[in-house]
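Let me begin by presenting the structure, written as structure tokens, before commenting on it.
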Amino acid sequence: EAFRLAREARPDVVVFDLDSNRIDWPHFVRELSLSCRGVRFLALSSDGSPERISALCEAGIHGCICLSSGFSELVKGLQRVGEGELYFDQEISSELPEVLSKVNEGAILLRGLTAREREVVYLLSQGFSNRQIAREMVLSEKTVKNHISHILRKLELKDRTQVAILAWKTGLALNGPS
């Protein structure tokens with residue numbers, strides 16, 4: 001039912017309660033990301049279990065707030081996630097410093113790319129060759145190679161595989177370049 005509702009409504013942000021154990025939330029996030037490109041996810045939790053939040057970060061959520069944080073924190077989280085940022089309240093952040101630092105670091109690095117470069121990263125993460133990227137973006141292969149060189153330099157990575165891995169870790173590969 002949750003999949004159907006989200007697909008029909010096409011929301012900008014899906015807010016869900018982790019305490020509803022009837023749903024495999026990481027699976028839900030991954031599947032809905034594939035069928036509703038660009039949707040963002042904000043989880044609410046009563047306990048902020050590091051294992052659960054970590055699994056959701058890997059699945060591609062954009063934020064998490066403890067239910068005890070209050071309404072103003074929820075509003076703040078919705079605004080930030082809706083604007084394309086990652087947002088984890090203080091209680092969650094204190095529980096998951098290593099996981100969140102990796103997710104935030106990658107997202108911050110990707111924000112330093114131009115819109116066209118993010119689009120190249122997205123297509124790379126989908127397994128496109130330079131020729132396919134050029135065709136998709138209506139560019140020459142040389143321009144695509146230049147974009148990839150700039151991306152590698154900006155992200156301080158060695159090859160396109162590392163770029164694709166970063167895209168998957170940060171959710172760009174699931175949610176698209178927007």
Answer residue from the range 6-20, given it is closer than 20 Å to T170 by Cβ and in contact (Cβ under 8 Å) with a residue 60 or more places away in the chain and is surrounded by the most Cβ atoms within 10 Å (Cβ to Cβ) among those: V13
Do we find that I23 is surrounded by 14 or more Cβ atoms within 10 Å (Cβ to Cβ), without any contact (Cβ under 8 Å) to a residue 24 or more places away in the chain and out of contact with any Cys (no Cβ under 8 Å at 6 or more places or on another chain) in this structure? yes
Assuming L139 fulfils every condition listed in (1) on the phi < 0 side of the Ramachandran plot; (2) modelled with pLDDT under 85 apart from one, which condition is it? (2)
How many of the residues making up the range 81-103 are among the β-branched types (V, I, T) and at pLDDT 75 or above? 2
Any idea how many residues of the range 30-60 are touching a residue at least 40 places away in the same chain (Cβ under 8 Å) and either hydrophobic (A, V, I, L, M, F, W, C) or not assigned by TED's automatic domain parsing to the domain that holds E91 (or both)? 6
Return the residue satisfying two criteria in turn: it lies in the range 125-142 and is within 22 Å of the chain's Cα centre (by Cα) and outside any helix (DSSP H, G or I), and of such residues it is nearest to T161 (Cα to Cα). G127
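The values are calculated or read from the model by the stated rules, or taken from the named source; none is laboratory data. All figures in this text were calculated on a predicted structure; none of them were measured in a lab. Quick reminder, even Gly has a Cβ in these numbers, built from the backbone with ideal geometry, and neighbours come from all protein chains shown.
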